[in-house]
Each structure stands twice: as structure tokens, then as C-alpha cells.
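The values are calculated or read from the model by the stated rules, or taken from the named source; none is laboratory data. Every value quoted in this text rests on a predicted model; they were computed, and no experiment measured them. Cβ: placed from backbone, ideal geometry, glycine included. Neighbour counts: every protein chain shown.
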Amino acid sequence: MPRKRQAFVHVGLDDGSGDVVGTALDSHAHALLDLGVRRPAEPAEGDGTWAGLRRDAGRGRDTVVLSRPLLAAAPPDRARTLVAALDAFDVHVVVTARAPDAWTIPGDPGRDLASVLDRWAAAVPDPGRLHVIVGSDGAGTWRSFGRVVGFGTASLRVGPETPSVTSGQDVVPAARAADLRRLAGTWADLLASSPYDVVGDLAALEPDLRCADSVDDLTAALDLARHEVELLRRRADDLERQLAKSEKKKRKLKRRLSEVA
């Protein structure tokens, strides 16, 4: 029986720290093809269905890598559906994570690492095929991602990260800082005792925080919050543009099909 090809589904937490993977996959698409690694068309870029992903991924003999926004918050049924669409492959899920930031709330489906792992582990029954990359910067996350998938990144450089990821210390009230440190400890304990393939130093999960103890600190925290909201708005605008583009393609495809019929 021929050996199955491999497919890697990248799941980045909604803090944006994993965006480097999708950006690098696009920037180095041609070089990665030479290495036998291909990012298939998203369902929205084909016919809007998981069947479209199955067809496009099935072409050729390359290793397939899928990375798209908002997978971290995918409900259990959507995670299972995506993995099932790649049933012709040995499917691996790669979760990229960093220290919880000021916006992380326990139980948040897109930002709480424990919640994300619980849902995606159910979609990939073999724990050896669930990889967790713990990073502190984009370049390190990209290097580790390459090692997990099986390609080198020495000549596949990544650019500087957005300010939302490299903004330095988060200024938060003392009680909030304590909550975030406890959450980080919970994540580290979970990974240390898990059967998953954990890549990176768990110490990197310790958040870099400064307790707000003055009016100036609170003002700085408010300025940071405004900045984060603006970045989130821009990210939402980008996603809306992608959705509008995909809807336009779907309408065009429907017109073609109706003409053929």
C-alpha cells in the first residue's frame, strides 16, 4: 500500500503571533514548491467548499500546508470537517503559541491555548500528530514550523513583526497580571504533561508584564488598547476584503455553471 502524503494544518492563536507563518508561506511559495511543499487554494478561493480543498490538495505529490486566519476558534465540528477533507493524507495539526497577552481570557476559544488544543486534539486522534510550537518571536516560530514540516528556512527569511506582536511589556493592573501569570503556568503544566510534540522552551510562555501603579501607567495602557483595537480593525478589514473576493469568485463560478447547464 503506497504511503500517504502529509498535510499540515497550521492553527495560530488569535493574538496574531502566528500570522508570520501564513505570510512566509505566501512570500516563499515558489521556493517552497522547489522543496516539495505547497499551500493549496483555500476553499473560498476555489468553489467555496471543503471538496474544493480536497481536490486542490490532491494534485501532485507535494507536502501540503494549510494556514488561514481564525482556525484557532473553530468549533469542534468545523475542525473535524477540515481534517476529514484531507483524509487522503496523514494530517498533522501545528499550533503556534506565545505567552498570554493582556487580551487573553481563560476559555477564549481563539486565544486560550488549552481551549484550542482541546478542540483540535479531538480532530486528530493521534497525539503524535499534534505539534505545539512555543515561540517568543516570529523568526523563531517560522524556523520551528519549518523543522516540524520538514523544510529548512535559512534562505526563507521573514520580515519584522507588526507592533501588536512586538510592542514590549503589557501594562495591566496587578490583579490582571497575576491572572495572566497563573494562566501561563497552566499552559506550561498542560504541555509538560501532554503527549503532544512540543517544540520550544516552555519558559517563553511567561508573560512580560508591568503592573499599572500610576496615572501615567494607566494612560499608557489605554493608548496600547486603542492601538490594539486599530490593529484588530485593520485585520478585520483584510478578512472582509478576502471574503468579498471569494464571494465574487463564487458568483462567477455559478454563472459559468448555469451557462453550461
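This table checks each residue for (1) aliphatic (A, V, I, L, M); (2) within 14 Å of Val9 (Cα to Cα); (3) buried (at least 18 other Cβ atoms within 10 Å of the Cβ).
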| residue | (1), (2), (3) |
| --- | --- |
| Ala51 | yes, no, no |
| Gly60 | no, no, no |
| Thr63 | no, yes, yes |
| Val83 | yes, yes, yes |
| Ala114 | yes, no, no |
| Phe145 | no, yes, yes |
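So, in region 85-107, of the ones that are surrounded by fewer than 18 Cβ atoms within 10 Å (Cβ to Cβ) and acidic (Asp, Glu), which residue ends up farthest from the chain's Cα centre (by Cα)?
Across region 85-107, the extreme among qualifying residues is Asp87.
Residues that are farther than 29 Å from Gly152 by Cβ and at pLDDT 85 or above, at least 1 per element: which helices (runs of 4 or more DSSP H) completely within region 34-132 meet that? Quick ask: steps written out before the conclusion?
Details: elements: 50-58, 76-85, 113-123.
So the answer is 76-85, 113-123.
Give the residue that is surrounded by the fewest Cβ atoms within 10 Å (Cβ to Cβ), with candidates limited to residues of region 1-20 that are part of a loop (DSSP other than H, G, I, E, B) and in contact with a strand residue (DSSP E or B) (Cβ under 8 Å, 6 or more places away or on another chain). Write out each step before concluding.
Step one: filter region 1-20 for residues part of a loop (DSSP other than H, G, I, E, B), giving 1-4, 13-18.
Filter once more, so that each one left must be in contact with a strand residue (DSSP E or B) (Cβ under 8 Å, 6 or more places away or on another chain): 4, 13, 17-18.
On the way: Lys4: 12, Leu13: 24, Ser17: 24, Gly18: 29.
So the residue we want is Lys4.
Assess whether Thr23 counts as being in a strand (DSSP E or B), closer than 19 Å to Gly150 by Cα and either under 15 Å from the mean Cα position of the chain (by Cα) or touching a residue at least 12 places away in the same chain (Cβ under 8 Å) (or both).
Working: in a strand (DSSP E or B): no; closer than 19 Å to Gly150 by Cα: yes; either under 15 Å from the mean Cα position of the chain (by Cα) or touching a residue at least 12 places away in the same chain (Cβ under 8 Å) (or both): yes.
In short, no.
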